[in-house]
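Notes follow once the structure below has been shown.
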Amino acid sequence: MTSESSPLLSSGSTHNHNHHHHHHQTLIDDVSTGIPGYIAEEIADDAGLNSIKSNDPSQQDNNSISSSEGELTPDDGFLIPKSQLYMIMPALYSLVFLASLDSTILSTLLAEIASDLNAIPYISWIATSYLLCSSIVQPLGRLSDIFGRKALLLICIVFFSLGCLQCSMATSVVSFVIGRFLTGFAGGLNTLTTIIMSDLVPLRQRGVFQGIGNLFYALGSAVGGSIGGYIAHQYGWRAAFWLQIPIGAICFIIIAFYTTIPQKTEANSLETTKEKFQKVDFAGIFSMSLVMFVFITMTSIEYSNIWYFLLVLTFFIICLVTFVKIELNSNVPIVPLTLLSNMSVLGSTLANFFGTMSIFTILYYVPMYLSTVMNLNTQEIGIALVPTIVASSFSSVGSGIYMKVYGTYARFLQLSMVVGIIGSIYLVSRTIPFGLSHIPHMFEVYYLCICPYLGYSVMITVTLLALLASVPIEYQSSVTSMQYAFRGSGSTLGMSTASLIFKTVLSHLLNTKLSSFKPDNVTKGEVKYIIESALHNSDYIRSGAPTWAINHLIEFYAISSWATFVFSLGAAILTLASTCLIKDQGLSYD
């Protein structure tokens with residue numbers, strides 16, 4: 001097996017300068033990852049992006065030469081022999097499994113954890129601290145050029161495991177949020193596995209491999225939802241985080257001692273580590289993190305004066321403008337905004353932004369609805385979500401097979417998003433809460449979210465391929481990180497917005513409606529205590545509230561959850577609109 005430090009392809013190899021017919025392939029140095037690669041010339045031409053290739057004459061030389069037959073495609077277009085590829089991919093899929101396991105465990109246990117820590121108003125911080133860190137680690141494609149793919153994978157596993165340990169021992173919402181922030185390094189696992197897959201697998205085959213990766217993601221989600229819910233129900237929610245630590249250790253051992261990830265020749269092997277560090281967009285990373293941190297803060301705190309809100313809003317706008325300015329002026333931006341002039345790139349990234357915003361709202365607030373309104377325990381919630389996760393995983397694999405067979409994707413993507421929107425409309429219509437007369441039957445719970453998840457799973461698979469087909473290979477690592485950055489920011493800002501909607505609606509209903517239902521012998525002080533308790537602890541509405549208030553509190557929680565589903569539907573519609581910007585470039589076998 002090739003050593004991680006030894007090149008699979010030498011940049012100094014003798015190349016054939018003869019140009020052939022349209023089957024000729026162009027070798028392009030990937031300046032984003034330091035990895036030589038190739039792309040079918042017709043894809044680059046159809047994308048209309050030849051103008052954004054390097055203007056450096058030496059680079060143009062490299063970009064215009066073709067290699068001798070067989071050197072670029074040792075095994076049917078794959079960069080390495082399939083026997084070696086099939087040893088690497090299971091290890092990468094184990095990391096995808098680990099990352100998905102954690103995210104679903106939290107969504108299933110969110111209401112219970114928030115209630116136990118008296119942190120219902122701070123749900124946005126519990127969920128988005130993980131997402132914030134995941135967004136920060138998206139430029140790992142660049143950092144992995146300095147330290148190697150394998151080293152970064154191991155670092156992510158270590159921080160993830162430390163985060164799980166912190167969560168399992170947390171006694172306050174602050175300590176739990178810190179733990180969730182550390183577990184956000186799992187987002188780096190997803191980014192790096194996708195980049196490594198893009199390194200090794202030809203474009204038209206990549207959809208199948210990405211679909212299999214999503215199948216493992218779904219498997220982790222199913223295990224996290226069902227087994228995690230069962231463990232939490234039997235032994236408490238802390239046990240669900242203890243469970244992940246040995247799984248992280250197993251993944252660490254597999255990657256560290258049994259996996260050799262090929263490391264190809266750097267674009268400029270004479271660069272020092274310091275020079276490589278200088279290419280990392282630290283200003284962009286910091287400014288993007290600040291933008292999301294300020295937005296989360298803005299949507300989490302209560303304002304006694306409108307001027308305080310305007311002050312925070314102004315600071316948010318300043319941070320956002322600063323981030324855009326930094327990225328436009330950076331030589332190696334974390335989010336290469338200039339690529340957004342390509343409508344396919346713009347449409348794909350916006351679809352990821354709005355689609356993730358929509359699905360993460362469902363991911364966290366449907367379990368909240370099932371827990372508070374339908375009175376399901378964590379084990380029942382986990383089991384109820386399994387059919388949705390399994391169905392969405394097979395749709396992801398199916399979309400990869402479809403693209404491999406037909407080589408097209410735009411219309412298929414739009415049709416899938418229409419299915420997702422129909423599912424979101426069904427979710428909204430079946431949970432209309434006023435009077436609690438529209439609560440779904442238990443059987444409906446098993447398929448309530450299937451269609452939105454189907455649309456989303458197809459979207460993330462297809463848009464990745466659309467991004468890669470729309471740019472020359474020198475930008476493929478950049479757009480891969482870009483997709484994850486938009487997904488990370490979409491999930492973070494979406495969860496913050498959904499949390500704000502939920503909290504605002506719930507607080508308004510409690511403060512304006514509850515007192516009108518109180519018996520004459522109940523004082524205003526007692527009503528105030530009920531309101532405060534219901535705002536901070538969802539368990540209180542069934543186990544601590546007075547009998548006269550229980551149904552009203554359940555209805556208020558139902559209305560608040562329903563409002564987030566309406567927000568999710570709006571984001572899904574924007575996702576469909578974004579996919580209409582994508583131009584079908586076709587997929588090459590190379």
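Laboratory data are not the source of any read-out in this text; all were calculated from the coordinates shown. Nothing here was measured: the structure is a model prediction, and the numbers come from that model. Because the Cβ atoms are built from the backbone with ideal geometry, glycine has one as well, and the counts that use them run over all protein chains shown.
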Residues TYR230, TYR235, TYR409 arranged by fewest to most Cβ contacts within 10 Å: TYR235, TYR230, TYR409
Restraint check, LYS82/LYS274; LYS274/LYS325; LYS82/LYS150, Cα-Cα greater than 31 Å: LYS82/LYS274
Leading residue at positive end of dipole, segment 341-589 (Cβ point charges), from THR564, SER516, LEU346: LEU346
Positive-end residue, segment 341-589 charge dipole about Cα centroid, Cβ charges, pick of GLY420, ILE473, ILE359: ILE473
Extension gain, LEU340 back to LYS274 (0.36 nm per residue minus Cα-Cα distance, nm): 20.8 nm
Segment 375-397 and segment 299-323: distance between their alpha carbon centers, rounded to Å: 38
Those lysines that a straight Cα-Cα span of less than 18 Å connects to LYS583, excepting residues fewer than 8 apart in one chain: LYS404
Only Lys, Arg (+1) and Asp, Glu (-1) charged, at Cβ; segment 78-277 dipole about Cα centre in debye: 380
Proxy reagent accessibility, fewest Cβ within 10 Å first, across CYS451, CYS167: CYS451, CYS167
Order of ARG206, ARG487 under a 10 Å beta carbon neighbour criterion, fewest first: ARG206, ARG487
In nm, spacing of pseudo-spin labels at LEU154 and VAL566 (7 Å Cα→C-beta vector): 5.3
Segment 78-277 - convex hull of the alpha-carbon atoms, volume per residue in Å³: 119
Relative contact order of segment 281-331, pairs being alpha-carbon contacts under 8 Å that are 6 or more residues apart, as %: 56
Mean separation of Cα contacts under 8 Å (6+ apart) over length of segment 78-277, as relative contact order %: 37
Fully extended contour minus Cα-Cα distance, from GLN414 to GLU444, at 0.36 nm per residue: 8.2 nm
Computed P(r) (all Cα pairs; segment 281-331; 10 Å bins; percent): 27, 45, 21, 7, 0
Pairwise label distance in nanometres, ILE573 with ARG542, each label 7 Å out on the Cα-Cβ vector: 3.3
Taking segment 341-589 and dividing mean pair separation by its residue count, relative contact order in percent (alpha carbons under 8 Å, at least six apart): 44
Cβ-Cβ FRET estimate between VAL332 and SER172, R0 fixed at 35 Å, reported to 0.05: 0.35
Sequence-distant lysines (8 or more away, or on other chains) whose Cα lies within less than 23 Å of LYS513: LYS503, LYS524, LYS528
Segment 341-589: equivalent-ellipsoid semi-axes (sqrt of 5 x gyration tensor eigenvalues, Cα, Å): 41, 18, 13
